[in-house]
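To start, the structure itself, in structure tokens.
The values are calculated or read from the model by the stated rules, or taken from the named source; none is laboratory data. Note that the coordinates shown come from a computational prediction; the quantities given were computed from them, not determined experimentally. Positions of Cβ are generated from backbone atoms using ideal geometry, with glycine treated the same way; all protein chains shown enter the neighbour counts.
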Amino acid sequence: MLRHPFIALLTALGISLSAFSAEVVVSDVTSRAIPINVSGYSGDAKSVLEFDLYVAGFDLVAAAQAQYSLNGKSGAGLEGVLADVNNKATLFNRSYPGGSPRAQAHALADDVVQAITGRKGVSRTKLVFKVQKDRISEVYASDFDGANPVQLTADGSIVAAPAWRPGRKSIVYTSYRAGNADIFSQDLTSGNRKALVRFSGSNISPAPSPDGSKLAMILSKAGSPDLWVSDAEGGNPRRLTTTVADESSPCWSPDGATLCVVSRESGFPQLYTVPAGGGTMRRLTTAGVRNTTEPDWSPDGKWIAFTRSRGDYFDICIVPAAGGDAKVITEGEDPSWAPNSRTLIFARRTSKFGPRKLSLLDWPTGHVKDIAQVAGSSSQPSWSR
């Protein structure tokens, strides 16, 4: 049943991580993880800290092998002392008196990541994704680790491609609730839904620009599915591609100047870039990898993650944003970058035709963890930025 108010997504924190799986090994990634010893914690605080640090690229080790130590205590207020073991220096000594134990642990984990790596942590970010049960799918949102899932839609139909709208507490997505593939927005606080794009033919794959002022999408209103860009509410649409082949899955460069899109112009799916203001569609080189779909541009502008299809199986790959040699980093599909341009959320199957589940990947180290799952088949995740 749909939960209301939707603001529960933004404030509810409190389930355990007992559903999290063990790590999945990615054999061809060799970057060194940071060894850290964590002690003094119990219950949810311990589970959350260990999960958050592992997917941030840390190895949890015994004290004798640690480069850093995090010591503290759980209870009414979480405490943490972070030290550099090698240099015998205390990096910080902090307490976290407010919120739930899970919220406190996420905050502490983010502080550890910031202090040691200089990167902003992602433990307090959000996800939105599709969940299919039987023939019906709906949009859900959760914390980055899958905790506190909230059903956002109650369309009783097929939904697809949910995405956050930057600067707003709302999402866009495609729904067949009216019998056609149309694009809707939904406010996360009130639950109010609004039809944005409802042309004849299919209206799919909405992708808000990084500044939230524009909306890229795939429309078949002029014939074959092409890439179009409109204003944020779907008005003034402009056609950017005019091929007879199908285009799909647009994403934006972080500066909003360029779009990456999938096209079958050559007969099989490949990645192309297109100027957001209009211009020539150019193939993006993904040397060593074919059948490329579902691109997502990293927020720092350096990488494009995408899915490689190989029959009934799929791989997550990355390639420099300018094109070049592509790297297969794990099995899976539907990648979405975290704000840190390092962590990916993606969907994977545990068996050939089994339901999908969502997993986090720290791609430099190959650390993978399944997030807490909603009953059904989860796919098409999108990370808040």
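Among the residues of region 128-142, some residue qualifies, meaning at least one is outside any strand (DSSP E or B) and over 17 Å from the mean Cα position of the chain (by Cα).
Do you know which residues across region 338-385 are among the charged types (D, E, K, R), under 25 Å from Pro210 (Cα atoms) and without any contact (Cβ under 8 Å) to a residue 60 or more places away in the chain? Please lay out each step first, then the result.
Applying the first criterion (among the charged types (D, E, K, R)) to region 338-385 yields 342, 348-349, 352, 356-357, 362, 369-370, 385.
Retained after the next criterion (residues that are under 25 Å from Pro210 (Cα atoms)): 342, 362, 385.
Correct list: empty.
Kindly establish whether Lys221 is over 30 Å from Asn93 (Cα atoms), out of contact with any strand residue (DSSP E or B) (no Cβ under 7 Å at 6 or more places or on another chain) and surrounded by fewer than 16 Cβ atoms within 10 Å (Cβ to Cβ). If you could, list the steps in order and put the result at the bottom.
On the way: over 30 Å from Asn93 (Cα atoms): yes; out of contact with any strand residue (DSSP E or B) (no Cβ under 7 Å at 6 or more places or on another chain): yes; surrounded by fewer than 16 Cβ atoms within 10 Å (Cβ to Cβ): yes.
Here the answer is yes, as Lys221 does meet what is asked.
Whether a residue is more than 22 Å from the chain's Cα centre (by Cα), outside any loop (DSSP other than H, G, I, E, B) and in the same structural domain as Ile316 (by TED's automatic domain parsing) was assessed, and Ser230 passes this test.
Going through region 193-216 one residue at a time, which ones are of a type outside the set (Asp, Glu), out of contact with any Ser or Thr (no Cβ under 6 Å at 6 or more places or on another chain) and part of a loop (DSSP other than H, G, I, E, B)?
Pass one, region 193-216, residues of a type outside the set (Asp, Glu): 193-210, 212-216.
When the remaining residues are screened for being out of contact with any Ser or Thr (no Cβ under 6 Å at 6 or more places or on another chain), the result is 193, 195, 197-200, 203, 206-210, 212-214, 216.
Passing the criteria: Arg198, Phe199, Ser200, Ser209, Pro210, Gly212, Ser213.
The residue list Ser185, Ser190, Ser224 contains one member that is in a strand (DSSP E or B) and not charged (D, E, K, R), which is Ser185.
Out of Ser95, Ser69, I need the residue that is in contact with a strand residue (DSSP E or B) (Cβ under 7 Å, 6 or more places away or on another chain), more than 19 Å from Ile34 (Cα to Cα) and either assigned to a strand (DSSP E or B) or aromatic (Phe, Trp, Tyr) (or both). Which one?
One residue alone meets the criteria, Ser95.
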